[in-house]
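Asker: Let me give you the structure first, and then I'll get to my questions.
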Amino acid sequence: MFVAKVVGSVWATRKHPDLKGGKLLLVKPVEPVSGEYAGATALALDGGVGAGVGDTVLVLDEGGSARKVIKNDNAPVRTLICGVLDSVHSGGKDKKYA
Amino acid sequence: MFVAKVVGSVWATRKHPDLKGGKLLLVKPVEPVSGEYAGATALALDGGVGAGVGDTVLVLDEGGSARKVIKNDNAPVRTLICGVLDSVHSGGKDKKYA
Amino acid sequence: MFVAKVVGSVWATRKHPDLKGGKLLLVKPVEPVSGEYAGATALALDGGVGAGVGDTVLVLDEGGSARKVIKNDNAPVRTLICGVLDSVHSGGKDKKYA
Amino acid sequence: MFVAKVVGSVWATRKHPDLKGGKLLLVKPVEPVSGEYAGATALALDGGVGAGVGDTVLVLDEGGSARKVIKNDNAPVRTLICGVLDSVHSGGKDKKYA
Amino acid sequence: MFVAKVVGSVWATRKHPDLKGGKLLLVKPVEPVSGEYAGATALALDGGVGAGVGDTVLVLDEGGSARKVIKNDNAPVRTLICGVLDSVHSGGKDKKYA
């Protein structure tokens, strides 16, 4: 599980039928304490938390959980947004993200 | 899940019987916003979306989903193309891929 | 499985219901013999060992185990703190962490 | 799934009983288009395709598939050779591997 | 699956009950042909092969297998030592590890 920022969305007409209902977002990992980007952009499905571009989010990268959250045992998903970050507490300081 | 470009295909006479029907493609990860390559080339099976060389695609790297999509619980697969990217929306701009 | 230091905690109001009871901590991998940081910060759930900021911990990054430890087959979790490190024995020396 | 070259074999007298029948090979990832090495050497089991040192192979790195291919649900395996590469087609050219 | 050297052990009083019986070792990946270190130190459980500090070992990093080998479907384990390396054969030469 990691922290990432939603940096965009993708559009794909031809895709697996079980992906048709979901919103596919681009998430770029961030170091949660500094807020700096720290890794390659991934594709994630919103797991029902209403995340949008600009939000810093909690990302889960595991297929078993992802399919249970979207309640579809056959969907080809692995990366899921399962929370929207409000703030990080570290070293006696708070960093606000929302 | 990540975005990648289909850069080629492979030919293998000797392979596991459950791989015989599928098309094995080479996919190279790209940073979706810039379109630049960003990682090592992987082998992926087309999950029924009709992807070809030159397409930018959505790739899923998880065995459980992959076997369900190709409807074969015993096939040795993990990496699957599950969509063809049309465009990316980020920072108020659209980047077209198809 | 790897060794990491708990460097902070996160606050998220909007999150998947199955994450509501757990404590979400930030864990930064360390080289256990030298104690130096060695990788990107991840998000982990405390698997019942009472870990806190400043502790050096044992981290498991696998969804199947994580869901069993927290006794919730549907929770979106993958990264779990499953122990608190006291010391490392290597090269004839002991390095104390607690 | 990735492309790799078989660079050697290993010998281990003390090992898990379910690994006793299999051939343990060393596989080094290659960039399939250029043929250059591109990553750390892994240990793989031959999944019945008769791969040998010098072959360029298709490697699957996923436990669920691996155990099904070797027909042993309890074997500690994850990395499996599931094909021998003949050639790669990319950019209008063929690169022969066998 | 990869080759690693056992470089130490860890002590943790507070840990998940299902980890209490096992020996937790520190394993550092090595390039098997050269014997050089090649990656970050991981935590592994001995899967019944009697590995000790100084041994070069075969490591499996997959939860499903790991839980079957230690015969505990609920244990939080992923990384398992499943063999002790005697030698590597590569490029017409033998490198002895034991």
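Asker: State the number of residues belonging to region C:22-39 that are outside any strand (DSSP E or B) and not charged (D, E, K, R). Let's see the steps before the verdict.
Answerer: In the first step, residues of region C:22-39 are kept if they are outside any strand (DSSP E or B); the result is C:22-23, C:31-36, C:38-39.
Restricting the remaining residues to those that are not charged (D, E, K, R) gives C:22, C:32-35, C:38-39.
Matching residues across region C:22-39 total 7.
Asker: Right, another one. Among the residues of region D:11-19, is there at least one that is crowded, with 22+ Cβ neighbours inside 10 Å and of a type in the set (Val, Ile, Thr)?
Answerer: Looking for residues that are crowded, with 22+ Cβ neighbours inside 10 Å and of a type in the set (Val, Ile, Thr), one finds none in region D:11-19, hence no.
Asker: Restricting to region B:54-70, give me the number of residues that are within 23 Å of A:ASP61 (Cα to Cα) and in a loop (DSSP other than H, G, I, E, B).
Answerer: Looking only at region B:54-70, we keep the residues that are within 23 Å of A:ASP61 (Cα to Cα), and these are B:56-70.
Narrowing the set further to residues that are in a loop (DSSP other than H, G, I, E, B) leaves B:62, B:70.
Residues meeting the conditions: 2.
Asker: Next question. Can you tell me which residues in region D:41-59 are modelled with pLDDT under 95 and facing chain B (nearest Cβ under 10 Å)?
Answerer: D:GLY47, D:GLY48, D:VAL49, D:GLY50
Asker: Follow-up. Can you tell me which residue is nearest to the other protein chains (Cβ to nearest Cβ) among those in region C:10-40 that are within 11 Å of the chain's Cα centre (by Cα) and closer than 22 Å to A:GLY47 by Cα? Working first, answer last.
Answerer: Pass one, region C:10-40, residues within 11 Å of the chain's Cα centre (by Cα): C:23-29.
Retained after the next criterion (residues that are closer than 22 Å to A:GLY47 by Cα): C:23-26.
On the way: C:LYS23: 12, C:LEU24: 7, C:LEU25: 10, C:LEU26: 6 Å.
Filtering region C:10-40 for residues that are within 11 Å of the chain's Cα centre (by Cα) and closer than 22 Å to A:GLY47 by Cα, the one nearest to the other protein chains (Cβ to nearest Cβ) comes out as C:LEU26.
Asker: State all residues of region C:83-97 that are within 15 Å of the chain's Cα centre (by Cα), surrounded by fewer than 17 Cβ atoms within 10 Å (Cβ to Cβ) and part of a strand (DSSP E or B); if no residue qualifies, say none. Before you say what the answer is, go through the steps one by one.
Answerer: First, the residues of region C:83-97 that are within 15 Å of the chain's Cα centre (by Cα): C:83-86, C:97.
Narrowing the set further to residues that are surrounded by fewer than 17 Cβ atoms within 10 Å (Cβ to Cβ) leaves C:86.
Passing the criteria: none in range.
Asker: Can you tell me which of (1) within 12 Å of the chain's Cα centre (by Cα); (2) part of a loop (DSSP other than H, G, I, E, B); (3) not hydroxyl-bearing (Ser, Thr, Tyr) is the one A:PRO76 doesn't meet?
Answerer: (1)
Asker: As an exercise: evaluate D:TYR37 against (1) modelled with pLDDT under 95; (2) surrounded by fewer than 21 Cβ atoms within 10 Å (Cβ to Cβ); (3) under 21 Å from B:TRP11 (Cα atoms) and give the number of the one condition it does not meet.
Answerer: Single failed check for D:TYR37: (1).
Asker: Find the residue count for region E:1-21, including only residues that are part of a loop (DSSP other than H, G, I, E, B) and within 20 Å of D:VAL77 (Cα to Cα). Break it down into steps so the answer makes sense when it comes.
Answerer: To start, the set of residues in region E:1-21 that are part of a loop (DSSP other than H, G, I, E, B) comprises E:1, E:12-14, E:16, E:20-21.
Of the ones still in play, those that are also within 20 Å of D:VAL77 (Cα to Cα) are E:1.
The total comes to 1.
Asker: So, one more: Sort out which residues of region D:68-92 are without any contact (Cβ under 8 Å) to a residue 12 or more places away in the chain, in contact with a strand residue (DSSP E or B) (Cβ under 9 Å, 6 or more places away or on another chain) and more than 7 Å from chain B (Cβ to nearest Cβ), and write them in order of number.
Answerer: First pass over region D:68-92, keeping only residues without any contact (Cβ under 8 Å) to a residue 12 or more places away in the chain: D:68, D:71, D:73, D:87, D:89, D:92.
Keeping just the survivors that are in contact with a strand residue (DSSP E or B) (Cβ under 9 Å, 6 or more places away or on another chain) gives D:87, D:89.
Residues satisfying the conditions do not exist here.
Asker: Being touching a residue at least 60 places away in the same chain (Cβ under 8 Å) and either under 18 Å from B:ARG67 (Cβ atoms) or of a type in the set (Phe, Trp, Tyr) (or both) is the filter here; which residues of region D:25-67 pass it?
Answerer: D:ASP61, the sole residue that qualifies.
Asker: Would you pick out the residues in region C:13-39 that are in contact with an Asp or Glu (Cβ under 7 Å, 6 or more places away or on another chain) and hydrophobic (A, V, I, L, M, F, W, C)?
Answerer: Within region C:13-39, C:LEU25, C:VAL30, C:ALA38 qualify.
Asker: When you look at D:LYS5, is it more than 21 Å from C:GLU62 (Cβ to Cβ) and at pLDDT below 95, yes or no? Give the steps one after another, and end with the answer.
Answerer: Details: more than 21 Å from C:GLU62 (Cβ to Cβ): yes; at pLDDT below 95: no.
Judged against the criteria, D:LYS5 is not a match.
Asker: Return yes or no: is A:ALA51 of a type in the set (A, V, I, L, M, F, W, C), under 9 Å from the mean Cα position of the chain (by Cα) and part of a loop (DSSP other than H, G, I, E, B)? Spell out the reasoning first.
Answerer: Values: of a type in the set (A, V, I, L, M, F, W, C): yes; under 9 Å from the mean Cα position of the chain (by Cα): yes; part of a loop (DSSP other than H, G, I, E, B): yes.
Yes; evaluated as a whole, the condition is true for this residue.
Asker: Which ones in region E:65-77 are more than 16 Å from E:GLY48 (Cβ to Cβ) and buried (at least 21 other Cβ atoms within 10 Å of the Cβ)?
Answerer: Going through region E:65-77, the residues more than 16 Å from E:GLY48 (Cβ to Cβ) turn out to be E:73-74, E:76.
Of everything in region E:65-77, just one residue is more than 16 Å from E:GLY48 (Cβ to Cβ) and buried (at least 21 other Cβ atoms within 10 Å of the Cβ), namely E:PRO76.
The values are calculated or read from the model by the stated rules, or taken from the named source; none is laboratory data. None of the values given here were measured: they were computed from a predicted structure. Methodologically, a virtual Cβ is constructed for each residue, glycine included, from the backbone with ideal geometry; neighbour enumeration extends over all protein chains shown.
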